[in-house]
Amino acid sequence: MTRTHPPGTGTLGRAAALTGSSPAPVLPPLRRRRRPALLALAVAMVVLGALGAAYLATSLGQTTAVIAVAREVLWGQQVTADDLVEARVSADPALDPIPYSERDAVIGMVAATTLTPGSLLTREALTEQPLPPPGQQLVGVGVSVVQLPTTPLRPGDDVLLVPVAGGSGLEAAGPAAVPGTVKATVVRAGSPGTDGLRVVDVLVDVADGPDVAARAAAGLIAIVVVAGE
């Protein structure tokens with residue numbers, strides 16, 4: 001006849017019976033405790049990172065249409081439509097170019113400085129005051145190659161208009177000491193004509209305008225470039 005053992009009478013039961021102790025209880029497997037707060041924080045960080053990347057990409061992709069200089073515009077010259085071109089730039093607090101929507105208002109204004117191709121046009125580079133400004137006159141001075149430096153004159157250069165004549169003593173006294181020497185500012189230097197003369201437009205004080213024009217017509221003026229103030 002087969003004998004059956006009651007529960008707990010196996011190997012552990014026999015060992016417990018011999019030692020007089022109860023068998024050790026079998027513990028259930030450990031279950032991982034989930035932390036909802038950490039999980040929510042991780043999800044929030046992922047969402048914020050995605051939003052930040054999307055905002056950065058959108059900001060870098062947004063550009064504004066502004067006015068750029070298409071070709072050189074010399075100081076004192078009026079701005080024409082051909083001098084302007086549209087450019088698109090990203091917003092930058094360090095830049096303050098004129099919006100391209102104001103292009104029509106810019107045309108006809110005067111360059112307050114020489115505008116270089118490729119540069120962005122700003123309001124400080126323009127003026128509504130045409131040449132000559134109040135208190136000055138614009139005079140064209142015709143000079144030969146020996147009456148001005150070989151270095152090209154640029155708009156805005158400060159010069160002296162020195163009267164020249166036989167026995168003027170220019171070499172001994174220096175140009176600033178010659179009577180009738182006039183301070184002027186170069187507006188534009190033209191190309192040499194067929195007669196070998198180059199006409200230089202200069203700004204002079206109203207009081208000096210007539211005398212400079214008379215001397216220039218007689219070819220009795222030399223141009224000396226001086227250091228700017």
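Nothing in this text is a laboratory measurement; each read-out follows from the coordinates by a stated rule. Because the structure is predicted, anything quoted here is derived from the model rather than measured. Ideal geometry is used to build each Cβ from the backbone, glycine not excepted, and the neighbour counts take in all protein chains shown.
Backbone geometry of the stretch 190-201 corresponds, through the Karplus equation with coefficients 6.51, -1.76 and 1.60 at θ = phi - 60°, to 3J(HN,Hα) couplings of x, 7, x, x, 5, 8, x, 8, 10, 8, 10, 7 Hz, x marking Gly and Pro.
For GluC sites (Glu not before Pro), the sites in the stretch 90-136 that DSSP calls loop and that have at most 11 other Cβ atoms within 10 Å are 128.
Each residue in 45, 109 was given a count of other beta-carbon atoms within 10 angstrom of its own, and listing them fewest first yields 45, 109. Taking packing as the residue-averaged number of other Cβ atoms within 10 angstrom, the listed peptides 213-220, 90-97, 148-155 run from highest to lowest as 213-220, 148-155, 90-97. Subtracting the Cα-Cα distance of residue 150 and residue 101 from their residue separation scaled by 0.36 nm leaves 13.4 nm. Tell me, what is the FRET efficiency for residue 191 and residue 80 to the nearest 0.05, using R0 = 30 angstrom and their Cβ-Cβ distance as r? According to the calculation, E is roughly 0.90.
Local charge for residue 65 was computed over the other residues whose Cβ lies under 9 Å away, with Lys and Arg +1 and Asp and Glu -1, and equals 0. Between residue 199 and residue 158, the FRET efficiency estimated from the beta carbon spacing at R0 = 25 angstrom works out to 0.85.
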